[in-house]
1. Is it the case, given these coordinates, that ALA361 is touching a strand residue (DSSP E or B) at 6+ places or on another chain (Cβ under 6 Å) and closer than 17 Å to LEU414 by Cβ?
2. Would you say ARG63 is under 19 Å from GLN145 (Cα atoms) and assigned by TED's automatic domain parsing to the domain that holds THR129?
3. Name the single residue that is modelled with the highest pLDDT among those in segment 398-444 being aromatic (Phe, Trp, Tyr) and not in a helix (DSSP H, G or I).
4. Counting only residues that are at pLDDT below 85 and closer than 17 Å to GLY427 by Cα, give me the strands (runs of 3 or more DSSP E) lying completely in segment 256-366 with at least 1 of them.
5. Residues being surrounded by fewer than 16 Cβ atoms within 10 Å (Cβ to Cβ) and touching a Ser or Thr at 6+ places or on another chain (Cβ under 7 Å): count how many of those fall in segment 30-58.
6. Just to verify a result, which residue in segment 200-212, among those that are under 17 Å from LYS238 (Cβ atoms) and at pLDDT 75 or above, is surrounded by the most Cβ atoms within 10 Å (Cβ to Cβ)?
7. So which of ALA91, ALA86 is in the same structural domain as GLY139 (by TED's automatic domain parsing), assigned to a loop (DSSP other than H, G, I, E, B) and modelled with pLDDT of 65 or more?
8. Name every residue in segment 45-71 that is assigned to a helix (DSSP H, G or I) and in contact (Cβ under 8 Å) with a residue 24 or more places away in the chain, in order of residue number.
Amino acid sequence: MREPSLLRRIALRLVIVTVMGGIVGYGWLYRKASLTAAALNQQTLIEQAKNIARHLQIDSRGRLSVKLPAAVEENYEEADSPYHYAVSDEAGNILLSSGRILSPMRLLHGDEQHVYDYRRSGSRSLRVTGAAVGTLAGGRQLVVQVEAVASRDHGLVKAVTDEFVTDGGWLGLPLLAILLAVSILTVRQTFSPLSRLSRLAAEIEPGKSGNRLPEVGVPKEVMPLVRAVNSALDRLEKGFLQQREFTANAAHQLRTPLAVLQAHIDTLPDEGIAQRLQKDLSSMARIVSQLLLVSRLEAATGDVEEEMDLRAVAVEAAASLGPLAIAAGKSIEVDELEAPVFARGSSWLLQNALNNLIENALAQTPPGTAVRIHVSDEPAIAVLDWGPGVPPEMREKIFERFWRGDREKGGAGLGLSIVARIMRFLGGSVSVGDAPGGGAAFTLHFPRGPRTV
């Protein structure tokens, strides 16, 4: 199951919050515009009612009339005008009107005024907003009432909304998009220290167990995790050092009993038994030597910038193991080269790696054949034998520590893992393939040195 991305989850929530914020923001603006428009409309109606009240006249016969300016009169007389008015007495009797029926009005006293609205009966889209103002004319208490009829999608609210969208309200969408992009970028940059810490943590291995995660430039929210990891690494390194010291001490202490046992075996009168014991003792001594080498490798922090002549190291390794090969009825050959091949590294470590490969090859190649060492200007050193080879499915596991395949019969499974460990320490690698004509070919690959030819 694929693990969910924290960045993706945060980005998704930012998108949701941004969209919801946009909806709420635009909804609030629309609501605010609606309330403001309604208040302006009501105030307009009140002012119109007051204006009509100021123009009321009563003649000598007590008849009521209104003389409005021509421009004002047109607002009430046009057929498509949304405005109409009426003047009524205290009993609610309409005395004057613009010719339309208004909603029923409650009685007003003095200069009392109020606003109201209702939906016209039989219509869901038409809404009526009205204002009523009390006034005195000729000693009579009158009520001036003004109403405006508007459809749901018409009027001041729609005008204000259209003006807002036309003049710049549409900029809100790209602004929200920019805000979202900046937020996601900020979150990504916030996670960059975690990515850096992850890369540094991935580089920590047994050979670099002293490395720690930096505590400088780390967000304070992540600092407890960094300190916990560093504390765990401290404990692991302490245990690793104790284990390495135990292995080294145990291997070193075994050398003396093995030497004493060697001396006693040499005095045995039965040569057959002595030879078998000598073989077992040699195997034990080799395992002890390998354990000591492993311990030295794990503690190695020295310079690996020595300039090595790979051919010279190969010849030296062949010469040191020549007697072992002759005793087994086999031989070691080193291909001739016209010029030396140089690489950066450590001759002592390379000698140990080659010794392990040559001993492994001698154990596999049949009597009467030769183990061949080929130095190339890659630079690389290949050790080839005439044994059964290494099946493809085993080529990854064969370099694991304590893994024992057919090529590790009688061993502890350390030889090839030591070779791989040495090559990693030298900045190179080791690979295994098929030798020409049969057998296995183990190749040591080195980083190029400045004088490699």
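The values are calculated or read from the model by the stated rules, or taken from the named source; none is laboratory data. On a predicted model such as this, the values are computed, not experimentally measured, just so you know. Reconstructed Cβ throughout: ideal geometry from the backbone, glycine too, with neighbour counts over all protein chains shown.
1. Yes, satisfied.
2. yes
3. That would be PHE442.
4. Per the criteria, 306-309, 342-345.
5. The total comes to 2.
6. ARG212
7. That would be ALA91, the only listed residue that is in the same structural domain as GLY139 (by TED's automatic domain parsing), assigned to a loop (DSSP other than H, G, I, E, B) and modelled with pLDDT of 65 or more.
8. Matches in segment 45-71: LEU45, ILE46, GLN48, ALA49, LYS50, ILE52, ALA53.
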